[in-house]
Every structure is written in C-alpha cells, then in structure tokens.
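Since the structure comes first, as structure tokens, the remarks are kept for the end.
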Amino acid sequence: MQDWQRSVIYQIYPKSFHSHAGNATGDLLGIVAKLDYLQWLGVDYLWITPFLRSPQRDNGYDISDYYAVDPSYGSMADCELLIAEAGKRGIKLMLDIVVNHTSIEHVWFQQARSSLDNPYRDFYIWRDQPNNWESKFGGSAWEYEAQTGQYYLHLFDHTQADLNWDNPKVRDEVFKMMRFWRDKGVGGFRLDVINLISKPADFPEDDSDGRRFYTDGPNVHEYLQQMHREVFEGHDLINVGEMSSTRLEHCIRYSNPQSKELSMTFNFHHLKVDYPNLQKWVRADFDFLQLKQILSDWQTGMQAGGGWNALFWCNHDQPRVVSRFGHDGEYRELSAKMLGTALHFLQGTPFVYQGEELGMTNPGFESIEQYRDVETLNIFRLKREAGVNDVDNMAAIMQKSRDNGRTPMHWHAGHNAGFSRGEPWIGVPANAAQINVAHQLHDPDSVLHHYRRLIALRRSEALICDGVYRQLLPEHPQIWAYLREGEGERLLVVNNFYGGPCDVELPPVIDETQAQRLLISNYPDCPLRTRHLRLRPYESFVVHLTDP
C-alpha cells in the first residue's frame, strides 16, 4: 500500500475560499493564510481548481497560458509561496490542468487559426464539414473559423478548442508543461476530462451526441502511459483523472498500477441518482437503492481489478451533499456526519470539498438574480421559453445549480463570513452565522471535529485502505451497511440515510465472542450489542470486530 493511498485530499475552489486582498473573489494568498487550519484538519494534498491564466469563460477550465497565474488569483511568486508554505506543513499541492482543450485565446490556437499551413494548425482538429456530434454545453461540437474556412472541434464551449493528441508535438508540449510544474514543486495533478483526449480518426456520424466514439477513445491508454513515462516515472507524484461518461472496466485499467497510467479516477455515476430519466433540471428525490448499489459495484469492481477510486460527495460542480442526500434542517449535523462516515470508510482516496467538513448547505437562493453560473442562467431562460413556470423552474435550480457549491467559505459569523472585506462575487448564505469554522473549532461534537477524526482514522486503521468490501442488506430501503474485511478482523459500517428510526437485523457477521471497539459514531452511545438494532434518525457508527 502506497503512502498516498492513506491520504485525504482537500479541494479548494479559490474563487470562493478566502480573499487576502479583500476583493470580490478569493486568491492564492488567501489560501496561504488558511494553511494552519488545513494542517490542523489533517489533509495531505490540496486540489485547487484552475488558477492559470484564462478568459474565465468556463471558470478557468479554458486555459490561455499554462505557464502563468491568472492575475485575479495573484502572481507566480504567490504560487511559489503557497507551494513552499504548504510543504512546511506536510501538505502538497495538486495542480488542476486541462489538456483536452485550450482557450481559443491560447497562442497555439491564435497561430493555428491564422493559416492552413501554420505549424500549429495540426495542434487542433479541423474539418471541411462538421459531423453531427454535439457539444456537452449544447449545440454543435464544431465551430466555423471564417479566416481559414474550416470547422474546429470543441466538445465543450466554442471558446474551448480540442487539442489534437494524435500529433506527437502536442503531447511533447503538454508533457513539457507538466514537467515545468513538477519541477516547481507540485505534488500531483488533477487531469480534467482526461479520458476524452483520443478521438477516432474518421469522426463517424452518430445517432446520439457522439460521446460513445470519443469517451475512453482509441489511443487514450497509450497516451497516458507515455505521460507516465515522461512526467511521473521516478518522481513522488500522484494524479487523478476526471472521467466523463466512463465505464468501470476502463477505470480499472487507468488506475491499476501495472498499467502505469493514473493513480486514481473520478466517476460521476453515483451523482445522477436524483436525475429522473437522466434529466438533471427537475426537482427530485434521490434513489437510495441505486446510490448504494452504484457505490458498491465500483468498490467490488475496482478491488477485483486492482484499481483505485477517488471518493467524493461534493465538488465545485455539485450541490452540497447534506442538502442532497442528507437533511439540511433539524438533522443537518447528524446527517453530515453520517454521510462523511459512509464515504470515508470505503476503499479509495477521499476528497473533502471546502465547507463539506462544516456541513455547509445549499444557500437557498430564491431569485434567479442571485445566481451567477452560466449553465444555471441558460437553463432558466430555456425552460421559461419552453413554458415551464418559474416556480418549478426555480425549485429545480435551488436543488441542482452548480452555484450551490460555489458560495463563499464560512470562516466566522462576522462580515461576509470572513471570506473578504469586499463585496463577494456571489452572496453569502444566511446560515453562515451558525455554520462556520470559528464556531465549530470550539465544539468537540461538531461536524468539523467529526471530519478530523475520520481523516485521522484513515491513517491508523489499515482495514480502511486494504480491507475487502462486502455490502450487507443490499435491498434495505433505509440502511447502507457494509464490511471491510481482513484476516481475523473486520470493520462494520452502519448508516441510516433517513430521518426516521429503523429496526434492523444484521446478518450473522458478529457474535458474542468477538471483541468490539467503537471507532466513530454520530450519537454519544453506540447501539451495537447484538445483531438486532434500533437505529435513530441518520444514525451512523463503525465498529472494529476482532475474532477470538
């Protein structure tokens, strides 16, 4: 087992984390100012969403210069200070880079669009006529470039032109850039939509949107193996690949150490269980049985194949999990602790998104004027034009908008929750006065202290990393229970996902001869005495069982 497999990664959305300068948006020096807090929490890596130079059409995921810090976040000197100060505290920086595409403001694309015979022309993908593939942001995946009379591919926004990874010069430039940041001292990379980099040469027409042809494409494993050889081999670096619309068998291959590709992979299947008929923009309850089955399938599948999961509930593109799969009212603290426990005892590397460790909730913005996310604003307009009434429209947005996870971090109960002296770029939720770092630091029973204990347990309990996963009670409509099994010992993890009490009988996994050691619970007393339990609302506990 590698050291990093016992690590916990903390995700920072710098725009909303902390502004050292007192601006509307956060900055790198704001992160430096909070490193002591992150060290106290116990995290090992900081994944910071893109802060490289960008026109910000897609929140920094449209990079125009891979070698420069965007001025809104600070300077290269600020970045170097962050790497150094984090290192002093035993924390490494994970750089978020986007190499499936660049901004059309990148110098490579500016050169490429200038003429058909420019040396950079083949850095991108051009066609005389587009096929019928669709952009993930809507509309055609091809944009006409009038100066040269051809179309370029963009799987995302039309300002994000896809790179041609079949050109070895593109790969050389990408790996050169990664070595630059490696030599700056970063400890790893988060690779955005990395499984989309290889496209079929014939670009076939499709009866859908085209993703079945370019997802986990024909040469993707070859290119990632080359990346490993030229960037990672012989260096203490980790990487996580964001996998769009992927399949389990590919993620096993990406993350199996024998493949020499990636350390771990993100997938998003478990975050579509509240999309009825795969429709995101409809207010809906989540499908609990589907949720635990998807997570269980990926646990058993990745273990069997030697892969490694990146575990997460939240990120900058998702609603707050306590509002989504828990209860953000009376049972907020209990359900936040339960959700943390349910995830952190799985095999894989847990990611904690800023504020998740506090049990931050969706902000409850009731007016469309309070939202900033371009996806949210577009869907509100489109659904209104389609005749959806504003009440139903807003109900879906309040539940599903990406802005739910992008509101400022709650540092204290004072002005702007301690995020900035200036007016924040997006509103501060009203409950920041009750849910904040300063308050929870002094409360040993808080969600924050619960997360700190979860992080510490990952280092002290070997079964969390290497125990075999076994689901219990798969058809139970309220309980997710599972084991992590080793030789002569096991962890029993029991989670009530609902606000009502529940009588449950566990399978015969425990007996009176086994030694029991409570590891963590969200109630002051643990009910485990026999296999017959009466669980309280959102009750959660983990017991270490040792055979006689």
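The values are calculated or read from the model by the stated rules, or taken from the named source; none is laboratory data. Just so it is clear, the structure is predicted and the values come from calculations on it, not from any experiment. Virtual Cβ from ideal backbone geometry, glycine too; neighbours counted across all protein chains shown.
Of note:
- Residue pairs meeting the criteria (Cβ under 8 Å; at least 6 apart or on separate chains; first over 14 Å from Q318 (Cα atoms), in the range 358-374; second in a loop (DSSP other than H, G, I, E, B) and among the charged types (D, E, K, R)): R372/R406
- Residue match in the range 360-372 (condition: touching a Pro at 6+ places or on another chain (Cβ under 6 Å), surrounded by fewer than 23 Cβ atoms within 10 Å (Cβ to Cβ) and closer than 19 Å to A433 by Cα): yes
Each row is one residue, and each column tells you yes or no for (1) part of a strand (DSSP E or B); (2) at pLDDT below 95; (3) small (G, A, S).
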site	(1), (2), (3)
D503	yes, yes, no
I510	no, yes, no
T513	no, yes, no
P527	no, yes, no
T530	no, yes, no
L533	yes, yes, no
Y538	no, no, no
V542	yes, no, no
L545	yes, yes, no
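- Options A304, A310, A284, A342: the member that is modelled with pLDDT of 95 or more, hydrophobic (A, V, I, L, M, F, W, C) and under 23 Å from S401 (Cβ atoms): A284
- Any hit, the range 322-333, residues being more than 20 Å from D403 (Cα to Cα), touching a helix residue (DSSP H, G or I) at 6+ places or on another chain (Cβ under 8 Å) and in a loop (DSSP other than H, G, I, E, B): no
- Consider the range 165-193 and keep the residues that are of a type in the set (V, I, T) and under 25 Å from the mean Cα position of the chain (by Cα). The one that is nearest to N267 (Cα to Cα) is V193.
- Those residues of the range 26-69 which are touching a Ser or Thr at 6+ places or on another chain (Cβ under 7 Å), at negative phi, part of a loop (DSSP other than H, G, I, E, B) and surrounded by 21 or more Cβ atoms within 10 Å (Cβ to Cβ), in sequence order: G26, D27, D44, S54, D62, I63, S64
- Flag if Q5 is under 18 Å from the mean Cα position of the chain (by Cα) and either farther than 22 Å from A438 by Cβ or aromatic (F, W, Y) (or both): yes
- Enumeration of residues in the range 205-238 that are loosely packed, with under 13 Cβ neighbours inside 10 Å, over 19 Å from K176 (Cα atoms) and of a type outside the set (S, T, N, Q): E205, D207, R212
- Considering (1) of a type in the set (D, E, K, R); (2) surrounded by fewer than 18 Cβ atoms within 10 Å (Cβ to Cβ); (3) at pLDDT 95 or above, the lone condition that E134 does not fulfil carries the number (3).
- Within the range 233-272, tally of residues that are in a helix (DSSP H, G or I) and free of Cβ contacts under 8 Å to residues at least 24 places away in the same chain: 1
- If you go through the range 467-487 and pick out every residue that is among the polar types (S, T, N, Q) and farther than 17 Å from R534 by Cβ, you end up with 1.
- I63 within 24 Å of E357 (Cβ to Cβ) and in contact with a strand residue (DSSP E or B) (Cβ under 7 Å, 6 or more places away or on another chain): no
- One residue from Y151, Y124 being in contact with a Pro (Cβ under 7 Å, 6 or more places away or on another chain) and either under 17 Å from V231 (Cα atoms) or modelled with pLDDT of 95 or more (or both): Y151
- Hits in the range 208-261 - residues which are out of contact with any Gly (no Cβ under 6 Å at 6 or more places or on another chain), aliphatic (A, V, I, L, M) and over 16 Å from I97 (Cβ atoms): V220
- In the range 94-121, residue farthest from D207 (Cα to Cα) [restricted to those that are touching a Pro at 6+ places or on another chain (Cβ under 9 Å) and part of a strand (DSSP E or B)]: L95
- Some residue of the range 171-186 being buried (at least 20 other Cβ atoms within 10 Å of the Cβ), over 22 Å from F123 (Cα atoms) and touching a strand residue (DSSP E or B) at 6+ places or on another chain (Cβ under 7 Å): yes
- Qualifying residue in the range 391-406 (condition: at pLDDT below 95, more than 21 Å from the chain's Cα centre (by Cα) and within 23 Å of N315 (Cβ to Cβ)): no
- Residues (at pLDDT below 95 and part of a helix (DSSP H, G or I)) located in the range 358-383: V374, E375, T376, L377, N378, I379, F380, R381, L382, K383
- Check on E356, charged (D, E, K, R), over 24 Å from F137 (Cα atoms) and under 22 Å from the mean Cα position of the chain (by Cα): yes
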